């Protein structure tokens with residue numbers, strides 16, 4: 001694990017945009033105009049935000065052409081998650097071939113998990129939805145570190161060969177490769193950058209649920225189920241949806257609400273493919 005520690009310790013300081021976003025996120029004043037002024041400093045964030053807002057995953061009726069409109073439709077927390085994710089991926093630039101994706105596909109994978117959780121938790125609790133929006137989008141940032149390590153050891157192809165069939169869970173292969181799952185690495189990255197403890201605690205043991213503090217158990221369970229349904233190598237396949245249902249049942253979560261959320265998300269994606 002020392003190689004992970006070394007890579008995390010070598011990360012540059014957070015850019016001022018992320019620092020401002022984190023300060024905004026943890027402040028009682030969630031004025032969208034203040035958020036807009038922060039993200040307007042970063043053209044990449046604006047571009048990513050508009051791309052996400054115009055994705056079929058969110059099924060807005062008309063094209064979203066301005067960041068202020070995107071914030072209004074996506075909500076403050078979702079906008080923050082996109083901005084944080086975009087900035088972090090820019091810092092942690094890497095080749096993601098170990099997972100069989102490029103950075104655009106990785107962003108789409110993150111969007112997919114966030115969209116599923118957004119739809120699912122809307123039928124459970126507004127508070128839960130707000131609290132899970134950011135960890136849903138950011139929980140697998142650690143994959144960028146793992147892919148870099150795999151490449152540095154010349155194990156990119158071997159890693160992908162192990163995960164592409166879906167016979168071995170991705171997190172098991174990650175732990176075999178580097179000793180930690182991507183969720184654990186993400187939590188360690190956030191500790192290094194001194195981000196919110198609540199954000200860290202919701203993410204850290206998603207792949208090792210028995211270690212989760214009871215306060216964060218339901219959040220971690222929902223994150224795990226959504227991550228399973230949207231597994232990076234074959235998102236929303238019948239096989240992975242079935243695994244997600246099994247997990248949800250094991251956790252005592254509402255299967256019916258999950259099924260409705262998955263159906264709704266699949267309908268949106270189908271409409272996107274047909275348009």
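All of the numbers you see were taken from the coordinates with simple rules; none came from a lab. On a predicted model such as this, the values are computed, not experimentally measured, just so you know. So basically every Cβ, Gly included, is an ideal-geometry build from the backbone, and we count neighbours across all protein chains shown.
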Subject >> Pairwise Cα inverse-distance average, inverted: Kirkwood Rh of segment 79-214 (Å) >> reply: 15.4 Å
**OP:** Consider just the alpha-carbon atoms of segment 1-92 and return their Rg together with their Dmax, both in angstrom.
**Re:** 14.7, 49
Original post:
How big, on average over all directions, is the shadow cast by the Cα convex hull of segment 85-124, in nm²?
Top reply: 3.2 nm²
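Relative contact order of the chain, please, whole-number percent, based on alpha carbon pairs below 8 angstrom and at least 6 residues apart.
19 percent
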**OP:** Whole Å is fine, so just give me how far the alpha carbon centre of segment 156-228 lies from that of segment 66-141.
**Re:** 16 Å
**OP:** Evaluate the Debye formula for segment 42-118 with equal point scatterers sitting on the alpha carbons, no solvent, and hand back log10 of I(q)/I(0) at q = 0.16, 0.21, 0.24 Å⁻¹, in q order, two decimals.
**Re:** -0.57, -0.95, -1.19
Original post:
Taking square-rooted eigenvalues a ≥ b ≥ c of the alpha carbon gyration tensor, is the chain rounded, prolate or oblate, where a/c under 1.5 means rounded and, failing that, a/b exceeding b/c means prolate?
Top reply: rounded
Original post:
Cα gyration tensor of segment 185-236, axes a ≥ b ≥ c as square roots of the eigenvalues: rounded (a/c below 1.5), prolate (a/b > b/c) or oblate?
Top reply: oblate
Original post:
When each pair of different Cα atoms in segment 153-203 is counted once in the 1/r mean, what is the Kirkwood radius in angstroms, to one decimal?
Top reply: 12.1 Å
**OP:** Would you please report the Å³ per residue occupied by the convex hull of the alpha carbon atoms in segment 186-275?
**Re:** 122 Å³
Subject >> Cα gyration tensor shape for segment 94-168, rounded if a/c is under 1.5, else prolate or oblate >> reply: prolate
**OP:** Which order do the peptides 128-140, 72-84 take when ranked by the mean count of other beta-carbon atoms within 10 Å per residue, highest first?
**Re:** 128-140, 72-84
Subject >> Taking 97, 61, 25 and counting other C-beta atoms within 10 Å, the order from fewest to most >> reply: 61, 97, 25
Original post:
What share of Cα pairs, in percent, lie more than 16 angstrom apart in segment 129-184?
Top reply: 45 percent
Subject >> Most mobile of 45, 256, 233 in a GNM of the chain (Cα contacts under 10 Å) >> reply: 256
Subject >> segment 1-149, relative contact order [Cα under 8 Å, separation at least 6], % >> reply: 24 percent
